[in-house]
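Q: Got a structure here, written out as structure tokens. Questions coming.
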Amino acid sequence: DGGITQSPKYLFRKEGQNVTLSCEQNLNHDAMYWYRQDPGQGLRLIYYSQIVNDFQKGDIAEGYSVSREKKESFPLTVTSAQKNPTAFYLCASMEWGGAGDTQYFGPGTRLTVL
Amino acid sequence: AQTVTQSQPEMSVQEAETVTLSCTYDTSESDYYLFWYKQPPSRQMILVIRQEAYKQQNATENRFSVNFQKAAKSFSLKISDSQLGDAAMYFCAYRSAESWGTYKYIFGTGTRLKVLA
């Protein structure tokens, strides 16, 4: 089945640690995105990538880093510089160009800082 | 910069009845896409319906339809014959179609829909 997978589903981090959230897609989509969702708020864009080896900061990139070495993978690292990382993280992908204008989402990762 | 506003944090509807969720947006662009996404308790984001701004006809997907008023910058979602499975958070989203390579989405804060049996 084609789709987007995120792992782990739940992640616990101690303060001062870096953690990496995985996002993989087998939809052959060019663009991939990371969002953060907090209670009572919509989705806020952290980073996005439109092609391999290229990515841009979103609205709340501070304390996060990404890489895009393969088309199907877009991991997000939450660094110790992120002061309030407890949130729900969603990964999405989208085909680029033509009729491809719809984002499809993974199931999400819930990150909790202990 | 574009903005998306959902002014109803929470709505309730009786099962089998119709409900309309509101969304307004602000943009200076003439070509864009609008979306409604549903997020059930599982938190999986699911596309409900999409509208292309250059199309006059309102999009429809089974029990879901939109009222797209481009001049008023309004994009409401109507759910007919509401079912218990429709209970979820609903997000309105905007995406520019004008700038090549600009594929950022802008989301509203969401409306929580409760369906009463």
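The values are calculated or read from the model by the stated rules, or taken from the named source; none is laboratory data. Model, not experiment: these values are computed from the prediction. Neighbour counts are summed over all protein chains in view; Cβ atoms, including those assigned to glycine, are modelled from backbone coordinates with ideal geometry.
Q: Just one of A:L21, A:L11 is out of contact with any helix residue (DSSP H, G or I) (no Cβ under 7 Å at 6 or more places or on another chain), modelled with pLDDT under 95 and more than 10 Å from chain B (Cβ to nearest Cβ); which is it?
A: Criteria check complete, one pass: A:L11.
Q: B:S80 - would you say it is modelled with pLDDT under 95, out of contact with any helix residue (DSSP H, G or I) (no Cβ under 8 Å at 6 or more places or on another chain) and either more than 17 Å from B:T18 (Cβ to Cβ) or surrounded by fewer than 17 Cβ atoms within 10 Å (Cβ to Cβ) (or both)?
A: Spelling it out, it is not the case that B:S80 is modelled with pLDDT under 95, out of contact with any helix residue (DSSP H, G or I) (no Cβ under 8 Å at 6 or more places or on another chain) and either more than 17 Å from B:T18 (Cβ to Cβ) or surrounded by fewer than 17 Cβ atoms within 10 Å (Cβ to Cβ) (or both).
Q: Could you tell me which of the residues A:R44, A:R36 is modelled with pLDDT of 95 or more and touching a Phe, Trp or Tyr at 6+ places or on another chain (Cβ under 7 Å)?
A: Result: A:R36 is the single residue among A:R44, A:R36 that is modelled with pLDDT of 95 or more and touching a Phe, Trp or Tyr at 6+ places or on another chain (Cβ under 7 Å).
Q: Check whether at least one residue in segment A:87-105 is at pLDDT 90 or above and in a loop (DSSP other than H, G, I, E, B), and report yes or no. Quick ask: steps written out before the conclusion?
A: Our first condition is that a residue be at pLDDT 90 or above; within segment A:87-105, this holds for A:87-93, A:104-105.
Imposing the further condition that a residue be in a loop (DSSP other than H, G, I, E, B) reduces the set to none.
Within segment A:87-105, none of the residues are at pLDDT 90 or above and in a loop (DSSP other than H, G, I, E, B).
Q: Please give the strands (runs of 3 or more DSSP E) falling wholly within segment A:24-79 in which 3 or more residues are hydrophobic (A, V, I, L, M, F, W, C) and either more than 9 Å from chain B (Cβ to nearest Cβ) or under 11 Å from the mean Cα position of the chain (by Cα) (or both).
A: A:43-51
Q: Does A:F12 satisfy the criteria of being in contact with a Lys or Arg (Cβ under 7 Å, 6 or more places away or on another chain) and either hydrophobic (A, V, I, L, M, F, W, C) or under 25 Å from B:C92 (Cα atoms) (or both)?
A: Values: in contact with a Lys or Arg (Cβ under 7 Å, 6 or more places away or on another chain): no; either hydrophobic (A, V, I, L, M, F, W, C) or under 25 Å from B:C92 (Cα atoms) (or both): yes.
Judged against the criteria, A:F12 is not a match.
Q: Among A:K57, A:K14, which is surrounded by fewer than 20 Cβ atoms within 10 Å (Cβ to Cβ) and touching a residue at least 24 places away in the same chain (Cβ under 8 Å)?
A: Answer to the check: A:K14.
Q: If a residue has to be modelled with pLDDT under 95 and surrounded by 17 or more Cβ atoms within 10 Å (Cβ to Cβ) to count, how many in segment B:13-34 make the cut?
A: Going through segment B:13-34 one residue at a time, the tally reaches 4.
Q: Additional query: Considering only segment B:40-66, state which residues are of a type in the set (S, T, Y) and surrounded by 14 or more Cβ atoms within 10 Å (Cβ to Cβ).
A: Step one: filter segment B:40-66 for residues of a type in the set (S, T, Y), giving B:42, B:54, B:60, B:65.
Selection gives B:S65 alone.
Q: Related question: Within segment B:1-48, can you find the residues that are of a type in the set (A, V, I, L, M, F, W, C) and touching a Lys or Arg at 6+ places or on another chain (Cβ under 9 Å)?
A: Matches in segment B:1-48: B:M11, B:V13, B:V19, B:L21, B:L34, B:F35, B:W36, B:M45, B:I46, B:L47, B:V48.
Q: What about B:L77, is it touching a Phe, Trp or Tyr at 6+ places or on another chain (Cβ under 7 Å) and among the aliphatic types (A, V, I, L, M)?
A: Working: touching a Phe, Trp or Tyr at 6+ places or on another chain (Cβ under 7 Å): yes; among the aliphatic types (A, V, I, L, M): yes.
Yes: the conditions hold for B:L77.
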